[in-house]
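Read through the structure below, which is laid out as C-alpha cells, and then see the notes.
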Amino acid sequence: MVLEHALLDLIPGEEAAFEGAFAEAKEIISAADGFRSLRPTRCAECRHRYLLLVEWDSAEHHTVGFRVSPAYQQWRRLLHHFCEPFPKVEHYEPVAAVPGAS
C-alpha cells in the first residue's frame, strides 16, 4: 500500500466550484484499479489550500494505471484548471512502527 499526498493550491475564490467538481471526480478515481481510499481535507489557515490523500495498492496503480487512463483525462478536465500552480504529488510507503508513537 502507498499513500499519495497531493497538495492543491486553488485559485482563490474557486473553492465552492472545486468542491462541486470534486464530488463528480471522486467517482472517477474510486473506480480506478488499485484504488483503496480517498480523503480530501481543506486547510484551516489557508482556505484555498487542500490536501488530498489517496491510498493505492501501489504507486504504479496511480502513476502507470490511473494517470495513463482515459478516466484520468476526465479527472484532469474536471479539476486541474482550479489549481495554480500544478499540485505537488508524492507517494509515501508505510514504515515499521516507532515505539511510543500513536
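The values are calculated or read from the model by the stated rules, or taken from the named source; none is laboratory data. Please read these numbers as outputs of a predicted model, since none were measured by experiment. All Cβ positions, even for glycine, are placed from backbone atoms using ideal geometry, and neighbour counts span all protein chains on display.
A few comments on the model shown:
- Identity of the residue in the stretch 36-53, in contact with a helix residue (DSSP H, G or I) (Cβ under 7 Å, 6 or more places away or on another chain) and surrounded by 15 or more Cβ atoms within 10 Å (Cβ to Cβ), that ends up nearest to Pro94 (Cα to Cα): Leu38
- Scanning the stretch 1-15 for residues that are under 13 Å from Leu79 (Cα atoms) and in a loop (DSSP other than H, G, I, E, B) returns Ile11, Glu14.
- Filtering the stretch 65-102 to residues that are at pLDDT 95 or above, closer than 16 Å to Met1 by Cβ and out of contact with any Leu (no Cβ under 6 Å at 6 or more places or on another chain) leaves Gly65, Phe66, Glu90, His91, Glu93.
- Selection within the stretch 9-35 - in contact with a helix residue (DSSP H, G or I) (Cβ under 8 Å, 6 or more places away or on another chain), small (Gly, Ala, Ser) and closer than 25 Å to Val68 by Cβ: Ala21, Ala25, Ala31, Ala32, Gly34
- Wholly enclosed strands (runs of 3 or more DSSP E) of the stretch 18-102 bearing at least 1 residues at negative phi and touching a His at 6+ places or on another chain (Cβ under 6 Å): 49-56, 88-92
- Filter result for Asp33 (over 20 Å from Cys83 (Cα atoms), acidic (Asp, Glu) and loosely packed, with under 14 Cβ neighbours inside 10 Å): yes
- Flag for Glu60 being surrounded by 14 or more Cβ atoms within 10 Å (Cβ to Cβ) and in contact with a Lys or Arg (Cβ under 7 Å, 6 or more places away or on another chain): no
- Here Phe22 fulfils each of the conditions (1) within 13 Å of the chain's Cα centre (by Cα); (2) free of Cβ contacts under 8 Å to residues at least 40 places away in the same chain apart from (2).
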